[in-house]
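Below is one structure; the comments refer to it alone.
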Amino acid sequence: MRSIRHTFYFVLGFALAAMTCHPAAAQDNDFYLYVGTYTGFKYVHHSKPFGVGESHSQGIYVSHFRPATGELSEPELAAEMINPSFLTIAPNHRFLYAVSEDPLSVGPPLDHSSYVSAFAIDPTTGKLRLLNTAPAGGTSTCFISMDKTGKYVLLANFGSGSISILRVREDGSLGELTAFIQDVGHSVDPSIQTGPHPHSIVVSPDNRHAIVSDLGLDKVLIFRFDAETGKLSPPDPPFATVDAGGGPRHFTFDPAGKFGYQLSEMSGIVDVFSWDASKGTLTGIQRARTIPQDFSGGNHSGEIEIHPNGKFLYESNRRTISEFVRGPETIGVFSIDPGKGTLAQVEQVLTGGVMPRNFEIDPTGAYLLAANQLSNNVVLFKIDGTTGRLTKTGTEMKVDTPVCLKFVPVQP
């Protein structure tokens, strides 16, 4: 009888422990969603800011996202900051870094300075505490990323045509400049390509190279990256090309590190490259169109991302029928051939807003969130894991002039 009683108590205790741990497990799957915004104007067109004074944003916002239910909490101001137009998160999820385009921006050709700020993330509330702010090393800084070690931030300075790297200290604050490269040259479009305009910089999966998409040069530049010193040096050959007038914007690797995908803003083409990690070279294998054959308006593609399962690629498109008539504004969905890396279009889906500059797939791979810059909303889509197709959930979050989204796991 005693052994039966002991067994009963053991089973009961185990059941109670499991019940107690369940909410914590659910909490582990929740995320903070950070939203970068423009605070001084609504958007930039032909290198000039439009809607000056129309944005009522105050900086970086945070919302609590629950993938189990698809719920988004009302956004709260996480940190006041001027024009935090792009964000990146440290690999340890303890720090957030944001670029501030020229606080008094009058357009990339006339901007004077940009800055980058380091923030500590409060694991309980998601609020941000400023650690320090440093010069970005250029003007109209539009992109920031981190290397795989979390010891460096990499910056693309669109206005001044340069890229720079800053060291990150042990406490998460920003240190000294470790690398600076001034791009040179031009391409064919006289309205925007009279000089270099790097639009993004990301490291390769092995952290040994940095890939720079230069919209002004129509080149995808490749640099050797030294993770010990934070310095850059060019390999041979030093770049890959896209169609003249294409305007390379953002680049991403597939999860396996075998292929690279370059989205061009003006042409709307996704260039597919095979990646040789040992040589640091990109070899073109496909140019996939995202613009419908019957569309004759203007195109400004925005963001590109690959699903965590590696089967699907997503890209956003800001389109205009005429100078004052917008649309269709879409997210393009493509399937990826697992052996060749090539793309096949699945669908184009309306984003539920105007000017989808950015989007983000949540870390579980179940949802895509589209940030619509002009309509001031973030729209939630459910992702079909088998087909890649998107379905609106009916959930959206109101944020003034959202231009960048990043997730951070909520700590238990």
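The values are calculated or read from the model by the stated rules, or taken from the named source; none is laboratory data. Since we're looking at a predicted model, the values are computed, not measured. No Cβ is skipped: glycine too gets one built from the backbone with ideal geometry, and neighbour counts run over all protein chains shown. Keep in mind that these areas ignore ligands, DNA and RNA; they rest on the heavy atoms of the full protein, side chains included. Shrake-Rupley method; radii C 1.70, N 1.55, O 1.52, S 1.80 Å.
Among rounded, prolate and oblate, which fits segment 256-390 when a ≥ b ≥ c are the square roots of the eigenvalues of its C-alpha gyration tensor, a/c under 1.5 means rounded, and a/b larger than b/c means prolate?
Oblate.
What do you get for GluC sites (Glu not before Pro) in segment 315-412 restricted to DSSP loop and a cutoff of at most 15 other Cβ within 10 Å of the site's Cβ?
Those satisfying the criteria are GLU323.
Quick one: length gained pulling ASP206 to GLU347 fully straight, 0.36 nm per residue minus the C-alpha distance?
Computed gain between ASP206 and GLU347 is 47.5 nm.
Roughly how many Å² is the accessible area per residue of the chain, as a whole number, for a 1.4 Å probe?
I get 42 Å² per residue for this part.
Give the cross-link partners of LYS231 among the lysines, using a straight C-alpha distance below 16 Å as the criterion and excluding same-chain residues fewer than 8 apart.
Qualifying lysines at Cα under 16 Å: LYS148, LYS151.
Round to the nearest 10 and give me the degree value, 0 to 90, for the angle of helix 2-28's Cα axis relative to the longest principal axis of the chain.
20 degrees
Given the pairs LYS127/LYS406; LYS311/LYS382; LYS42/LYS406; LYS42/LYS382; LYS219/LYS340; LYS311/LYS340, which are separated by over 18 angstrom at their Cα positions?
LYS42/LYS406; LYS42/LYS382; LYS219/LYS340
If a/c stays under 1.5 just call it rounded; otherwise compare a/b with b/c (prolate if a/b is bigger, oblate if not). Do that for segment 77-202, with a ≥ b ≥ c from the square roots of the Cα gyration tensor eigenvalues.
Because a/c hits 1.5 or more and a/b exceeds b/c, segment 77-202 counts as prolate.
Counting C-alpha atoms alone, how compact is the chain: give Rg to one decimal and Dmax as a whole number, in angstrom.
My reading of the Cα-based Rg and Dmax gives 21.9, 90 Å.
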